[in-house]
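Input: a single structure, listed below in structure tokens.
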Amino acid sequence: MSFVIGSLSVVLSMLFFLIFLGWRRLIYPSDILIITSAFFVEYICYRLDIVPTIFFAYITFTIMFLILYKNTKAFFLAVALPAVYYALSILNWHLTFGLAHTLGVPSLGDTYPYYSIALTLQLSLVISTVLFILLIATLLKYCDSKWRIFNVLIHDLQTPPLVPWIIIVSMLIANSIHISAYRGQTDNLTLSILSALIYSLVLVFIIIITISAVKSAAKTAKIKQAQLYSEQLERVNTDVQAFQHDYRSILMSLSSFIENEDWQNLKTFFYEELAQTADTDATSDTLHKDLNNIQLVPLYSVLQTKLAQSENYGIVTRFYAPTPVYSVTMPMIDLIRCVSILMDNACEAAQKSTEPTLTVTLTQNDEKLYLQVENTIAAKQPLDIKQMMTNGYSTKGTNRGKGLANFDKIVKRTPGADYSLTKTDNTFTLYLELVRGN
């Protein structure tokens, strides 16, 4: 009974740990079935005395590693997170079961790590372990929301392949020492302290690697933002030079008409050329006015570029940003990728409609950032909303349809992000919702 309660507490705490940290990012519904099945297999092996109970810790660690690696393809994260979970569990064990043993609560021979103690006492110790794990998970989730730790470890971490293996070997050594210290009726205080020290050092090592990765990712993001800002200044300078050239050309044309007193052609030139240009410039000024509310330079740059491309395609383009947009929790590079994907797809679809139109709306309140991209589509165009976010789905032929699938992955791995799609006979609209940053 003690083994069942103890094993169940490990499985439940591991599930709570992963679900709380990253539901549908680190763990998915199908993984719960895998973990539950593994627990029943462990229980059967225990009842049949097929595998010693000391190996179940390794099995738990391995299952957690396989699930994380399957879902993230990040070797360091798949090793580090189970190591953090297990090291903290053992350190907490010293303060619960280990402390109970030290205080004289008898154990049943070779039954590590679950002692034959009163059921009420064992349940209280198990509950304290689960609560401790949830407390640590809450702390990690807060750190992730503030510094986007998991995004960095999954996508941006560059560390020598030897680092995860150092963690694995250290955990194996620490666990072997720990088991040796607590097998039997007497415990070896020196071995116990040594195992706790190794577990603590593993935690410190993982923390150092993670902090270094977050700092490196932040530095890289700043460099990329600076590059985007530089590109934006280049485009502005090019626009100014083009305006100066056009301005001189217009003056020369006007002076030529005036010198020749060619009033009829001057009138034609004014109404058919200058007035039309003024209307176009007025539309651009409206776009530019709302673009001034985008205070995130990289986002401003990509919106300016994509809106200009849309106008060049002959699409009636509207942009609304009635409130200042100045912060968002999604990494800037991911946000730029999302906006680029949505704008490119919208422009391509709009061009196939009889009256191509693109409307982009961006608003921000105290809690959320909302992006709406609406475009016209060909009449009764066959679009399967349920399938269009899957990799490879496209109405344009084979080897296409990767953009929206990448958009879907970015949104799903971003905490607090969500999107929805709507379609009518002539329009397609995508709504993206993000958590506002500090």
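The values are calculated or read from the model by the stated rules, or taken from the named source; none is laboratory data. If you're wondering where the values come from, they're calculated on a predicted model, not measured in any experiment. Don't worry about glycine lacking a Cβ; one is built from the backbone with ideal geometry, like all the others, and counts go over all protein chains shown. Each accessible area value is taken on the protein alone, full model and side chains, heavy atoms only, with ligands, DNA and RNA left out. Shrake-Rupley method; radii C 1.70, N 1.55, O 1.52, S 1.80 Å.
Side notes on the structure shown:
- Per-region count, the stretch 132-154, residues touching a residue at least 24 places away in the same chain (Cβ under 8 Å), in a helix (DSSP H, G or I) and not β-branched (Val, Ile, Thr): 11
- Residue tally, condition in contact (Cβ under 8 Å) with a residue 60 or more places away in the chain and either surrounded by fewer than 14 Cβ atoms within 10 Å (Cβ to Cβ) or not in a helix (DSSP H, G or I) (or both), over the stretch 9-54: 3
- Only one of the numbered conditions (1) at pLDDT below 90; (2) part of a helix (DSSP H, G or I) is not met by residue 383, and that is (2).
- Selected residue (criterion: modelled with the lowest pLDDT) from residues of the stretch 55-101 that are farther than 22 Å from residue 197 by Cα and in a loop (DSSP other than H, G, I, E, B): 73
- Of all residues in the stretch 329-374, those satisfying the criterion of being more than 30 Å from residue 143 (Cα to Cα) and open to solvent by 50 Å² or more (accessible area, probe 1.4 Å) are 344, 345, 348, 351, 352, 354, 355, 374.
- From 212, 195, 216, residue being in a helix (DSSP H, G or I) and either among the charged types (D, E, K, R) or surrounded by fewer than 14 Cβ atoms within 10 Å (Cβ to Cβ) (or both): 212
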